[in-house]
Amino acid sequence: MWRTRNELGNGDLPKVVMEFCSEAGVVEHSCEIYLFGATLTSWKHFGTEKIFVSPSAIWNGVKAIRGGIPLVFPQFGQPNTSLPQHGFARIKNWDLSSTTSDTKSVTAEFRLRDDGQTFQQWPFHFALTYTVVLTASSLHCNLHISNIGESPFCCQALLHTYLTIGNINDVSIFGFTGLSYLDKVEAGVTAVDSDHERIIRSEVDRVYLEEYSGKIPDIIIRSINNESDVTSLKVMKRATHVKIGGVEDKPVDVVLWNPWIEKSTALVDMPNDGYLNFLCVEPGVVQGWTDLLPGECLSLNQELIPVHDSKEEQNLTSS
Ligand code: BG6
């Protein structure tokens with residue numbers, strides 16, 4: 001049975017719990033989403049947590065939750081200094097607009113509209129809808145941005161996904177070979193990733209650019225805990241720009257971030273060794289700006305799929 005309930009979570013902040021409970025009463029799949037930032041903070045697939053939240057995260061309803069899937073809008077980073085870093089969507093209280101379930105899934109939908117505070121920082125009328133669908137095989141997240149005002153606006157958007165991993169030293173990432181990226185660790189130079197599999201042994205902060213690289217394939221993150229315990233996760237992504245005249249696919253960039261030890265230590269809401277246990281793989285539309293005319297929409301999707309079958313995994317990682 002797929003079901004939802006509303007609860008108070010850390011810091012007494014309201015959250016929605018979505019889950020599948022078997023006839024034997026075992027919760028096999030679940031996820032949790034706080035209304036603060038509409039931040040998804042947990043996704044358990046057959047009881048195994050896939051999402052990282054910092055043990056030192058601050059739950060005061062003011063600071064963005066360190067971990068989960070914070071929503072980045074209307075800017076990535078802080079190109080516009082009158083807006084907060086990564087925009088305001090991750091630090092606003094969203095409304096839960098609906099929850100529905102059927103025999104195969106459970107869905108929650110959240111909404112955020114401009115208000116006096118956002119208008120002061122960013123003078124546009126927008127409507128955001130965030131839809132999370134949990135099934136037995138995947139977690140699907142869709143951020144839908146509509147321009148409901150009378151003036152055009154430019155925006156960026158990103159799903160800042162923190163994935164939990166056993167240990168960063170045992171992780172390989174596939175899918176970035178041959179792609180151009182902007183290296184934020186090296187003062188924003190662009191380079192091409194020539195490695196077949198990406199392993200991380202120092203700070204990494206890259207924006208893989210679909211516009212310059214061609215299509216970025218599905219990304220596979222493989223964690224090897226020991227020889228008999230290999231887990232893989234596939235990240236699929238898609239964005240569309242719904243224009244008055246029709247729908248166009250948008251290039252989806254992917255940010256790869258791990259702060260490593262020095263930056264972990266500098267973050268107040270991360271243990272010094274927190275970098276060992278997570279990796280951010282963040283699909284977004286962040287290269288340049290998307291111009292949304294009145295009535296237009298930008299839709300950003302990510303689907304996370306645990307990969308079980310070793311043959312499927314081999315095909316994915318050898319391509
Ligand atoms: C990543 C950026 O998306 O987010 C990094 O590429 C940044 O540069 C990181 O450090 C975390 O940002 P914040 O604002 O949540 O500390």
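Values in this text are rule-based calculations from the coordinates and carry no lab data. Just so you know, these numbers come straight off a predicted model, no measurement behind them. Positions of Cβ are backbone-derived with ideal geometry, glycine not excepted, and every protein chain shown enters the neighbour counts.
Highest mean first, what order results for 269-281, 252-264, 235-247, 189-201 on Cβ atoms within 10 Å?
Ranked from most to least packed, the peptides come out as 252-264, 269-281, 235-247, 189-201.
Only Lys, Arg, Asp and Glu count, each charged at its Cβ (+1, +1, -1, -1), so figure out the dipole size of the chain about its Cα centre, rounded to 20 debye.
Result for the chain is approximately 460 debye, rounded to the nearest 20.
Select from segment 102-192 those GluC sites (Glu not before Pro) which occupy a DSSP coil region and have at most 11 other Cβ atoms within 10 Å, ordered by residue number.
Answer in residue order: Glu150, Glu186.
Can you compute the charge dipole magnitude of segment 224-310 about its Cα centre, using +1 on each Lys and Arg Cβ and -1 on each Asp and Glu Cβ, nothing else charged? Give it in debye, rounded to the nearest 20.
For this selection, approximately 260 debye.
Once the piece of chain linking Phe119 and Asn60 is laid out straight, how much longer is it, given 0.36 nm per residue of separation minus the C-alpha distance between them?
Fully extending the segment from Phe119 to Asn60 adds 18.9 nm.
Could you work out the relative contact order of segment 1-42, using alpha carbon pairs under 8 angstrom and six or more residues apart, expressed as a whole percent?
RCO, segment 1-42: 31 percent.
Using 1/(1 + (r/R0)^6) with R0 = 22 angstrom and r between the beta carbons of Arg3 and Arg111, what's the FRET efficiency to the nearest 0.05?
0.55
Rounded to the nearest 500, what is the 222 nm mean residue ellipticity of the chain from helices alone, with -39500 (n - 2.57) per DSSP H run of 4+ residues and division by all residues?
Working: 4 runs with 26 residues, N = 319.
My calculation for the chain gives -2000 deg cm²/dmol from helical runs alone.
Mind listing the long-range amide H neighbours of Thr164? Cut-off is under 5 Å, sequence gap 5 or more, other chains count too, H placed in the peptide plane at 1.01 Å from N.
Ile51, Phe52
For segment 96-117, list residues with backbone N below 17 Å from a point placed 7 Å from the Cα of Ile148 toward its Cβ?
From segment 96-117, the list is 96-98, 109-117.
Over the chain, what is the relative contact order in whole percent, taking alpha-carbon pairs under 8 Å and six or more residues apart?
With pairs under 8 Å counted, the relative contact order is 17 percent.
What percentage of all Cα-Cα pairs in the chain are separated by more than 25 Å?
The proportion of pairs with Cα distances above 25 Å equals 49 percent.
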